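Peer 1: Questions regarding the structure given below will be posed in turn.
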Amino acid sequence: MLSPFGLQAEGGGALTVHPYWVVVSIVQFLLLFYLLRRFFWGPILKTLRDRAEKIREGLVMAEAAKAERERMKAEVERLLADARREAQAIAERTTKAAEAAAADIRAQAKTEADRIRERGREDATQLHDQALAQLRSELAGMVVLAASRVLGRELDPEKHRALIEESLDEAAPQLTEQS
């Protein structure tokens, strides 16, 4: 009689190997190995290969993104430096233009002030000359009047006026020095 393990209960040793069961075990193992390899091992290896490829692609994309980020960072730095240089140039040009405009305004103001000063001098000279002429005229009239009263008779006003004008012309340099 056979035991559940394929051993004979009667006689023989406890470990006897029957060649039939060895062949059955080998066939089962080979069949199981074939089925595992065919249906499980291939898809598992394919999945692992696909996953490894995705990881490699991810690493390549990460490196490319890092390189792109570095390139963009360098580009931004370059653009910022250009913008700073351009802003500095604009500020310098604006400052120079403002300084030039201020210099022009100062020059115009000085010219205008000189013109006004010269005009004031001319006006003062003209007023001075008018005042002197008026003073001469009045002085001549007063001298003729005083002389006619002193002498008690009427003098020719035109001759005396000419004489007084001549005297005033001679005395004019002395009068202007005193004032």
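The values are calculated or read from the model by the stated rules, or taken from the named source; none is laboratory data. As the structure is a prediction and not an experimental result, all values here were calculated from the model. Neighbour counts are summed over all protein chains in view; Cβ atoms, including those assigned to glycine, are modelled from backbone coordinates with ideal geometry.
Peer 1: Name the residues in the stretch 11-49 that are more than 60 Å from the chain's Cα centre (by Cα) and among the polar types (S, T, N, Q), would you?
Peer 2: Filtering the stretch 11-49 down to residues more than 60 Å from the chain's Cα centre (by Cα) leaves 11-45.
Correct list: THR16, SER25, GLN28.
Peer 1: While we're on this one: Filtering the stretch 108-140 down to residues that are aliphatic (A, V, I, L, M) and at pLDDT below 85, which residue is surrounded by the most Cβ atoms within 10 Å (Cβ to Cβ)?
Peer 2: Residues of the stretch 108-140 aliphatic (A, V, I, L, M): 109, 113, 116, 124, 127, 131-133, 135, 139-140.
After this cut, where a residue has to be at pLDDT below 85 as well, the list is 131-133, 135, 139-140.
Values: ALA131: 10, LEU132: 15, ALA133: 10, LEU135: 12, LEU139: 15, ALA140: 19.
Step by step, filter the stretch 108-140, then rank; the result is ALA140.
Peer 1: A follow-up question, please. So which of ALA83, ALA89, ALA133 ends up being closer than 30 Å to GLU165 by Cβ and either among the hydrophobic types (A, V, I, L, M, F, W, C) or touching a His at 6+ places or on another chain (Cβ under 7 Å) (or both)?
Peer 2: Working: ALA83 fails: closer than 30 Å to GLU165 by Cβ; ALA89 fails: closer than 30 Å to GLU165 by Cβ.
Every option except ALA133 fails the conditions.
Peer 1: Being more than 15 Å from the chain's Cα centre (by Cα) and either of a type in the set (Asp, Glu) or not in a helix (DSSP H, G or I) (or both) is the filter here, so list the residues in the stretch 61-112 that pass it.
Peer 2: GLU63, GLU68, GLU70, GLU75, GLU77, GLU99, ASP104, GLU112
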